[in-house]
Amino acid sequence: MIVLKKTRGGLLYWNATILKLATILFIGILLVCSVHFFNLSSSYSSRTTSDGPLRSSIDEFCESLGYPLVMPLEENLFSERHRKETLCVFWDVGDVYEASFIADILLKEYPSTIYHITDTSVESILHSNRSLTHICKHSLLVTNSDESKILNILKTLQESGFDNRGVFLLSDEGCSKHCRDISRPYCDYIIRNYWCEAMNSHQDAYWMPLGYAIPFVEPNENTILPCFLRKYTASFKGSLKSDRLRFIEYLKNSSVYNESRFLVQTTEDFHKGDPAYKFRGLLMDSQIIPCPAGVNSEQFRIWVALSTASIPILQQGETFFKLPQDHPLIIVESVEEMVREIERLNNEPLKMMKIQCKIFRWWLSYKRTLQRQVPQLVLDGRHLNWQ
């Protein structure tokens, strides 16, 4: 029986019996919390070894969850005939952010010669290298110029004897260049980053991801951490374009937001953000990278996140309809849905681990597909099904 005793000051105190009950209840709560935490942390370790410690290697971590990152070796991508046919790249842009990714996808395995024509003309290069068309059967114009200039350069390349002529169109974030006149017989194909509905009618146009910005060096897989070892649940650092301010406000008012686990900072402009190495370091220490749309839904942030094995959450845009149909990326319609997705992943840590590995494995495979298909398009100028 619980006895209440009245003191001289008029206050009531529990007797020794109720104190014992409170102590037992407190210890019980601690035990329940400890068991829950142990089960959560061991949900991964039980998938690796029955008595071993947690593994921090992303390779071992993902393999234990059923998503091995080691891909089977492929045969040589290019025939001897192709390797003897040097690609002439006419670089009609300055130091663009897309340069690293273009080099990784297109120029890494295939022999090429690059001619910068920002300060000179194609005519002067061809005049000083009269045998160029005999050395280079294929030509690729990398440019962000207006359509009339592009067409003039292509006509010059055709008249000079290049059999296969292509255009890699950069920096058209607003999708203002529909390239209706840039077609055969002057141009065999167009590759571009940002996609828009008007490009769907262009039968020789292809999309390639924006990729990571220079100077970006993909991290060694041995330095990539599983998501449960990362400092931040989510991070966003960027300029306040389009829906981004609304995203930040909605995130900070959500139940999942915690200043110590979420890093949210704004910059005046993309060009005034962190150096590439610092931005990469932030993403490598973040589990989730929300990617609210700016001028375009496509952005460097997505592909840097994929390269660092973070989980990007994309906001729907026309560009992403060009992704392979079996892609595992998370795409939402609104910034409100983006925040709800962060909450869902945060509440399901084991599911987050599996998604991290599934997406990272897909990215490694998809990048290899691009490294095979983009050069094939450049070499043969033929239609490809990139899906």
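Restricting ASP163, ASP172 to residues that are surrounded by 15 or more Cβ atoms within 10 Å (Cβ to Cβ), touching a Lys or Arg at 6+ places or on another chain (Cβ under 7 Å) and at pLDDT below 90 narrows the list to ASP172.
Within segment 219-258, can you find the residues that are without any contact (Cβ under 8 Å) to a residue 12 or more places away in the chain and part of a helix (DSSP H, G or I)? Working first, answer last.
Going through segment 219-258, the residues without any contact (Cβ under 8 Å) to a residue 12 or more places away in the chain turn out to be 220, 245, 249, 253, 257.
Residues satisfying the conditions are LEU245, GLU249.
The C-beta contact set for segment 306-335 (first residue surrounded by 20 or more Cβ atoms within 10 Å (Cβ to Cβ), second residue among the hydroxyl-bearing types (Ser, Thr, Tyr), distance under 8 angstrom, 6+ apart or interchain) comprises SER307/TYR212; SER310/SER286; LEU314/SER297; GLN315/SER297; GLN315/SER334; THR319/TYR194; THR319/SER297; VAL335/TYR250. Of the residues making up segment 187-215, just one is among the β-branched types (Val, Ile, Thr) and within 16 Å of the chain's Cα centre (by Cα), namely ILE214.
Being at pLDDT below 85, surrounded by 21 or more Cβ atoms within 10 Å (Cβ to Cβ), closer than 30 Å to LEU364 by Cβ and in contact with a helix residue (DSSP H, G or I) (Cβ under 6 Å, 6 or more places away or on another chain) is a condition met by no residue of segment 219-242. Condition check for ARG301 on (1) part of a helix (DSSP H, G or I); (2) of a type outside the set (A, V, I, L, M); (3) free of Cβ contacts under 8 Å to residues at least 40 places away in the same chain; (4) farther than 15 Å from ILE224 by Cα: one failure, at (3). Applying the criterion of being modelled with pLDDT of 65 or more and small (Gly, Ala, Ser) to the residues of segment 55-96, the residue that is nearest to LEU225 (Cα to Cα) is SER57.
Checking each residue in segment 352-373 for being within 14 Å of VAL304 (Cα to Cα) and among the β-branched types (Val, Ile, Thr) picks out only ILE359.
The values are calculated or read from the model by the stated rules, or taken from the named source; none is laboratory data. What you are looking at is a predicted structure, and each value in this text was computed from that prediction instead of being measured. Note: ideal-geometry Cβ built from the backbone for every residue, glycine included; neighbour counts use all protein chains shown.
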